[in-house]
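Values in this text are rule-based calculations from the coordinates and carry no lab data. Computed from a predicted model, the values in this text were never measured in an experiment. Cβ sites come from the backbone with ideal geometry, for glycine too, and all protein chains shown count toward neighbours.
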Amino acid sequence: MAREEERRVVRGPRLDAPLEQRRSLKPTYDPETFGKLSERIARFIGSWRFIAYMTVFIIGWVLWNVFSPAGLRPDAYPFIFLTFLLSLQASYAAPLILLAQNRQADRDRVTSADDRSRTERLIAETEFLSREIAAIRIALGEVATRDFIRGELDELVDEVENRTRAVSEELDERPEA
């Protein structure tokens, strides 16, 4: 019996328990947090404030490198280091802007799907209400209207008056016994 129990013991990972997290050398990040940060950066880069800051920075850079003493100029006339800095800024800004646009496209896709489903529901409700109104109109076509009832009552009143008049005329013509 001990041998049967030994055979039942499962070696290796158990299927009813979750695996332990493995350590990885790859950096991990939260895509949602990174996406929000990229949207904030893209929103700032697309603002007039950023354009004003960049304009002031570039004008200051050019003025410093043109009018400062030769020993204090970090970038000579063709401004190669300034070009490098602007290229570096553009190389980081472009992917962040694209990421923000992709996230906006995803949000727009979800909003569009919600709008489509809401529109489909409204169309279904409108069609239902149209069918109900048509059924009510058909049912009302079979129901006596107020004018019809008044006309019938007027005819009955006229008929009663005529009969009453006829009976009273007969009574007046009869000899009294």
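Quick look at the values:
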{"read-out": "Estimated dipole of segment 30-170 in Debye, rounded to 20 [Cβ of Lys and Arg +1, of Asp and Glu -1, Cα centre]", "value": "2080 debye"}
{"read-out": "Length released on extending from SER24 to ARG40, taking residue separation times 0.36 nm less the Cα-Cα span", "value": "2.8 nm"}
{"read-out": "Of [x] 140; [y] 408; [z] 150, the label for volume of the Cα convex hull per residue in Å³ derived from the coordinates", "value": "[y]"}
